[in-house]
Amino acid sequence: MQLKGIHHVTAITSSAEKIYDFFTNVLGLRLVKKTVNQDDIDTYHLFFADDLGSPGTDMTFFDFKGISKAVHGNNELNRTGFRVPNDKSLEYWLKRFNHYKVKHSEIKTMFGKKIIEFEDFDGQLYALISDELNSGVNSGTPWKNGPVPDHFAITGLGPIYINVSRLDGINTILTEIFLMRQTKVENNYYLYEMGEGGNGASLIINYQQNNKPSYQGYGAIHHIAFRVGNKEDLSNWQERLDKFGAPNSGYVDRFYFKSVYTRLYLNVLFELATDEPGFIDDEETYINLGETLALPPKFRNNRAYIEKVVRHIDTVRSNKVFEKEYFNE
């Protein structure tokens, strides 16, 4: 039993429209599914991923109504990493971020990899990480019709940062329950890897005893999901959680994948999610992924009501041409 890597990260935004613009036009990721939160159908759930909506490439967003701004601090899923092909790509992204006035750091090094840290309009925290020295789990496919040149484009999720005040506690959870391995330590940062390892199968634990507490809201991560292959694998992992006495949701059918949720460490919600079946389904083809309001079958009888309570957002891109953008010094 080995987890295959990061499946997806789900976060909270103050504006579905603004996050669509940021991920589409600035980050060059493809909206592969525009649907609703299956536990709160008044709320959008937007999935941004690679060209094909591959597992391990998507970051998703809820836009809960009336929620306050997050406070970053201890014991939270803190920062989402994204993979780019090489170190030269990071030089391109510095120019791109400057052009679009995105708040960012300069290029720095962590665990031998080059990275840039940046944030969006909500103060949601991200990092770009170079795959130049990377090995392990494969990344995805650049959005072919997006605005970022393929050889610089984001191809998937990289390491996810978690702030903790209890190092022993998170170490036990990651190594004994989730079967990850601690591979490197750098100051107060601890690198954990799962499965084949590498940027797409890593967590970076930031140990801070005296950091202020965090409060979830818009601009924060809601949960992280790890990849399992199929429903049988998911069932085996649920049995493992039960064996450890770990509270969990039991089997949940999200239609695009199957899931089990567990909250093992304070405010951190973990999900195990299957690679199958994916986002290309009976409602949308590869060509028009993310362009319609897609609903899992159990919600389709309520489509008229749902379309009234979630405002329309124009996400049609199949009739548009995005020019590949290059930036001079």
So which residue, out of Gly250, Gly112, Gly156, gets the largest mean-square fluctuation from a GNM of the chain using Cα contacts under 10 Å as springs? Gly112
Return the whole-Å distance between the Cα centroid of the stretch 163-201 and the Cα centroid of the stretch 26-42. 29 Å
Estimated FRET transfer efficiency (Lys184, Ser318; beta-carbon r; R0 41 Å; 0.05): 0.40
Can you give me the distance in nm between label points at Phe327 and Asn138, each placed 7 Å from the Cα along the Cα-to-Cβ direction? 3.1 nm
For the residues Met194, Met1, what sequence is obtained by ranking on other C-beta atoms within 10 Å, fewest first? Met1, Met194
Ordered by residue, what ³J(HN,Hα) values in Hz, to whole numbers, does the stretch 161-174 give under the Karplus form 6.51 cos²θ - 1.76 cosθ + 1.60, where θ = phi - 60° and Gly and Pro are x? 8, 10, 8, 9, 10, 10, 5, 4, x, 5, 4, 4, 4, 6
Across Val84, Val228, Val316, the residue with the highest GNM fluctuation in the chain (Cα network, 10 Å cutoff) is Val316
How many nm separate the modelled label positions at Asp87 and Leu167, each set 7 Å beyond the Cα in the direction of the Cβ? 3.0 nm
What number results when the radius of gyration of the stretch 203-329, computed over Cα atoms, is divided by 2.2 N^0.38 Å? 1.41
Hey, fewest Cβ within 10 Å first, where do Phe327, Phe178 land in order? Phe327, Phe178
One would report the antiparallel percent of DSSP beta bridges in the chain, rounded to the nearest 5, as 70 percent
Here the relative contact order (percent) of the chain, from C-alpha pairs under 8 Å and at least 6 apart, is 24 percent
Sorted by Cβ density within 10 Å, fewest first, the residues Lys101, Lys33, Lys144: Lys101, Lys144, Lys33
Report the FRET efficiency, 1/(1 + (r/R0)^6), for Val252 and Asp42, where r is their Cβ-Cβ distance and R0 is 22 Å, rounded to 0.05. 0.70
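Values in this text are rule-based calculations from the coordinates and carry no lab data. None of the values given here were measured: they were computed from a predicted structure. For neighbour counting, all protein chains shown are included, and Cβ atoms are generated from backbone atoms with ideal geometry for every residue, glycine included.
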